[in-house]
Each structure stands twice: as C-alpha cells, then as structure tokens.
1. First measure r as the distance between the Cβ atoms of Asp79 and His155, then evaluate 1/(1 + (r/R0)^6) with R0 = 22 Å and state the FRET efficiency to the nearest 0.05.
2. Under the Karplus relation 6.51 cos²θ - 1.76 cosθ + 1.60, θ = phi - 60°, what is the ordered set of whole-Hz ³J(HN,Hα) values for the stretch 340-355, x standing for Gly and Pro?
3. Calculated FRET efficiency, Gln294 and Asn62, Cβ-Cβ r, R0 30 Å, to nearest 0.05?
4. Would you mind putting 362-368, 327-333, 121-127, 96-102 in packing order, based on average other-beta-carbon counts within 10 Å, highest first?
5. When ligands, DNA and RNA are left out and all protein chains stay put, how many square angstrom of accessible area per residue does the stretch 85-166 have with a 1.4 Å probe?
6. Read phi for every residue in the stretch 176-185 and hand back ³J(HN,Hα) as whole Hz from Karplus 6.51 cos²θ - 1.76 cosθ + 1.60, θ = phi - 60°, with x for Gly and Pro.
7. With +1 on each Lys and Arg Cβ and -1 on each Asp and Glu Cβ, how big is the dipole of the stretch 98-248 about its Cα centre, in debye rounded to the nearest 20?
Amino acid sequence: MDKEVSAIRNCILEQCDDLPLREVYYKAMLGVLKPRIIPYLDGVFEIKELLALAEVVSAGENQLHHVIRMLELAAFIPDNVLETMKINRGDLVAGVLFHDVGKGSEVDDRVFDPAAVKKGRAPLFLHHYPGISWADWYVPFHDHIGLSYQIARRHNQPEEVLEAVVLHHHVRIRPRALQLVGDALNLSSIVKMDIYHYKPEQYAAPGSNLAQVIAILDQLCAIERKFRGITGAGLDPLRIEYEVVRDLVIGITDKDDPRLKLLGVTLSGNETVILFDLRAFGSYVKMHTEYEVQNIKASILQLIRSLVRVNRSGSERDLVALIGGDEYAVITKVDDPVIIEEMIRRISTVVKLRMGFGMRTGYAVGDAIAVNFHNARIQAELSKEHRFLDE
C-alpha cells in the first residue's frame, strides 16, 4: 500500500493520466468520503499545488482535508439552489479547490509564531476588489489569499472564481445567501447565526453570491472543527478523550481504562497534569448567550488540542479536555519543567491572542494523575490569590 500511495503522489505531481492509479486514488477517497463527491475529484487530481496542503496542519486540521470537506459540502448544494443564486457549479467547485491553495508554513501549527500576528494590509494587486483595502486583514492568517489568487490566475480561472478566492475571508454574507445554503445543507438556526455574526469588521466587503457561498462553506468547516471537540456520538475519538480525561483527573478511573486502548494511548498512571483556568470567564458568561458561551469554550478546547499535539502522535500524544465550567486539563508524558513551562507560555499566549482570555495556570508531576491534577489546581488558585494581593 505504501508503494501505491507513493505512486499516487507522483502521479498527482506529474498530472499523469494513469487510470489504474486513479482508481486506487478514488477507492481510497471513497473510504472516507461520500460517493456524491466522485465527479469532482478530478479537479483535485489536476491541481498539483493542492498536494502541498497535505503537509500543512493549521488549528489542528490538515488543510487538504479541509478543502476536501468543503468540496463534499459543495457537492450537496442542489442545482435549483445554485440556479436561484445564478452560480455555475463548475465555478463553485473551482472556488473551493483554489480558495486555500496558497497556504504554507506560515499557518502550520508546527512553526506558527503567535508573536508574528499583526494587523496588515492586503497586497496592492488585490485592491481593485471593493472593500478589500479597508476590511480587517491579519498577517499571517490572510497571507495565503494573494498567493491563492495568483495560482488560480495561472490556471486560467474566470473572474468570478478569482473574486471568490480573494474575498472568501472578507465578503459580507447576506441573509438570503445564508438562508438558501443553510436550508440546502440542513443547518440549524444556531449555526446560521454563528456564521452571520462572525467577525463583522472582517467580513465587510461587498461580493458576489459565489464568494458568499465559498465563505459560508469555509466558516461551516471551522464550526464543525470547533464542536468536534465537545459534541459527538458513539465511538467518536474526541468524545471518548473528553470523557476519559475527565474521569482520570477526578480519580474514578486509571491507566487501565479500556477507553485508552480505543484512543491508541498508553499511560503509566503518573503523567504530568497541566491546568488552564480562564480569567474573568464569569463576566463573559453574564454578558453573552449560552450559545456564545459554549461556542467560545469549544473554540478554546480545539485550540489547546491543536497546540499540544504538534509533532506528537500515537501513544506519545497528549490528552486534553474541558473540566468543569472554564478549566482545561492536559495530561502529558512531558516531565521536564522547562519544557512544560514553555508549553504553558505558548498556549496561554495563543489563547490570549486569538480568544482574548488570560489564563491562570498550574502543573504538577510525579504523582498519580488525580493527585497531580489536584496540585495543579491548587497552584492555579495560588496564582489567582497572588494576583489579587498584587492589586
């Protein structure tokens, strides 16, 4: 199978027409995707720049997987909806395939530097698109837009597709477009509300229906990614992790819990526990709806998970869960205080930068997991009291 995968990669890079290899490729894709997407997979095969996204993991998600998931959603929008919106299906597929093709190491979790994030300006060659020069633009999160646009131009994409690629992070999503797409994909009113009210200062540029649909699908994938961390059913690995970590830190299970085998994780029982406790979260709860509260908690959980799992896999990966109302516990095999403190610093910095919340933290090593969690919580509480006394 390794030889087949290698051959598929080479075939994609060289844009060859080896039909047997394409059949293997389609068979592999069908193992994780719905059959409806098959007519659109040739587009993936023909854009060799897309393959580079397989090496980029941002916010915990492989970026090639993100594009494929958006393609899958686009395939489920009925023809009559696209006709009503005057969107060509081929343009929709092309917009999906090219919208993130310019992404690279600047957003990869393994090298992403939170200190490098700053407000910037769109490249001058994009300023002829209305609104792009004054809508909020952040470096490096939006750097890929210019490169994606240039790659799409090299592939001779029409102006409608180019506009959608440029505006997919900045187009103002209108109620009619959101309602049509939302109904077609059976989105709940809460999900539609999240999309419509997301970053109005950024999603402010006027744009076509095609650009709006690409933006809607992109946001929908982000919502799925966030809530995968808390919601789930059956044997969903993230749901299992959420429950087993909670049980480990409160001491009602141990290293022999069979759920750990399902996760492919082995524990010694005395792993380090790190606690992150959100500052001023009670004030946030008083001023926001329950949906907004759950939304931000899920977003922070997903963000912490993406940060602790960089360069770690299999039985070496760390476990993360939301414990109680606003506390997050990390169970890790790392026991070097220097490395642990660097992990805490990095996570605290990124959560503050992206979510706006400061964090009280604590950690403990060397004892049973439940004892370490208790000691980490005491350490975090002492930090809270120390801050109060300083004031």
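The values are calculated or read from the model by the stated rules, or taken from the named source; none is laboratory data. As the structure is a computational prediction, the values presented were derived from the model and not from experiment. Quick reminder, even Gly has a Cβ in these numbers, built from the backbone with ideal geometry, and neighbours come from all protein chains shown. We work out accessible area using only protein heavy atoms, side chains counted, and drop any ligands, DNA or RNA first. Shrake-Rupley method; radii C 1.70, N 1.55, O 1.52, S 1.80 Å.
1. Working: r = 25 Å, r/R0 = 1.12.
In this case the efficiency is close to 0.35.
2. Going residue by residue, I get 4, 5, 5, 4, 4, 4, 5, 5, 4, 5, 5, 4, 4, 5, 8, 10 Hz, with x marking Gly and Pro.
3. On the way: r = 26 Å, r/R0 = 0.85.
It comes to 0.75.
4. Numbers: 362-368: 18.1, 327-333: 22.4, 121-127: 14.4, 96-102: 25.9.
Final packing ranking: 96-102, 327-333, 362-368, 121-127.
5. Details: 3650 Å² over 82 residues.
Accessible area per residue: 45 Å².
6. 5, 4, 5, 5, 5, 5, x, 5, 5, 9
7. On the way: 17 positive and 19 negative charges, 70 e Å.
In total the dipole reaches around 340 debye.
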